[in-house]
Amino acid sequence: MKINLRTEALEDLVARVLTTNGMSGENARIVAAVVAGAERDGARSHGLFRIPGYIGTLRSGWVNGISVPKVTDTAPGVVTTDADNGYSQIALAASRPLLLEKLKRNGIALLAIRNSHHFAALWPDVEPFAAAGLLALSFVNTRSRVAPWGATKPLLGTNPMAFACPRRNAPPMVWDQASSVTAMGEVMLAAQDGHAVAKDVGIDAEGRSTTDPKAIMAGGALLPFGGHKGSAIAAMVEILAAALTAGRFGFEDRSAQIFGAESSNAGQSIILLDPSVTAGAAFPARVDELFSRLMSVGVSRLPGDQRYAARRRSERDGVFIESKIYDYLRSLLPPSDPERSHAP
């Protein structure tokens, strides 16, 4: 059985769950929008599936649910933000006004976030900037879960990166990918659902190739996409997200030692560019030409199109979630909350 909720109702429910379990109201609303947005867009591994991880990390004390980011005007085109050991999206929200002010003056701006946790998809961080006509890139490093090329033990993180580009008369083109063959969330989901992963996804604790997601999670490691090329990109992300921001490398993160903690205290960098400064008014047409040519040679959809299709369906029909997941969310609410005892 499935429960149907409007995205706004799901976001409100998640916010109340997070607030009940240690987040301030303002912080909970920011994180809940990301979680509900992922569920709305069909990104199940980064939606409600992550709630137990958020709750476990909050209850463990490893993350600061009432964080108040410290935003610093560091240089003409640079903002540095200490996330106060809170979630990165909260630091981004606090930094956005100054970051956009610098972009307007310089045509380019960098946000360097440290002492932060990122436990969600990366595309929600960059898509809004592209929707406003900007180019946006972001890099996040994570707990060591990836064996570098030629190694049999994890050292690098899954280290996701994202890029967003505006389009005329269409939602932005946005890609969001891990440096590993697949995100750890997909491996965790496979373990939960009881199915195998592809043979090139990871290795077990002995360094042997395995399709068992539980073996990868139990002392094994993920593998970088594209072999040595993906390994090099993962190292680049480690530098841009941790060294550049004065954050922690994945191998310096202590989350694996904290019972219940799932998110890493690491770093994130975001780079914004105003294409009108360099390409002028011709930029939108140039991008349209590129995408048109891609379609002409057989590309059926651009990165992000599948999510947008799911979003349109959810906006029309609502978001469908398993009743057991809905019941779990309600169990996390205080007894006084009306939704705890009444189904929609």
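The numbers here are math on the coordinates, done by the rules we state, and not lab data. Computed from a prediction, not measured in an experiment: that's the story for all the values here. A quick note on method: Cβ atoms are made from the backbone with ideal geometry, for glycine too, and the neighbour counts reach across all protein chains shown.
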Two-site label geometry, E315 and T278: point separation in nm, points 7 Å out along Cα→Cβ: 3.1
Mean Cβ neighbour count within 10 Å, used as a protection proxy, ranking 55-64, 190-199, 174-183 highest first: 174-183, 55-64, 190-199
Estimated distance in nm for a label pair at K199 and E252, the labels positioned 7 Å out from Cα along Cα-to-Cβ: 4.0
Region 67-143: antiparallel DSSP beta bridges as a percent of all, rounded to 5: 40
Estimated dipole of region 1-70 in Debye, rounded to 20 [Cβ of Lys and Arg +1, of Asp and Glu -1, Cα centre]: 140
DSSP beta bridges in region 1-136 [antiparallel fraction, %, rounded to 5]: 40
Computed magnitude of the charge dipole of the chain (debye, nearest 20; Cβ of K, R +1, Cβ of D, E -1): 300
Reciprocal of mean inverse Cα separation for region 193-344 (Kirkwood radius, Å): 21.2
Rounded to the nearest 20 debye, dipole of region 34-192 from Cβ charges on Lys, Arg, Asp, Glu: 80
Distant alpha-carbon pairs in region 211-288 (separation over 15 angstrom), percent: 73
Peptide ranges 101-111, 131-141 listed from the most packed, as the mean C-beta count within 10 angstrom indicates: 131-141, 101-111
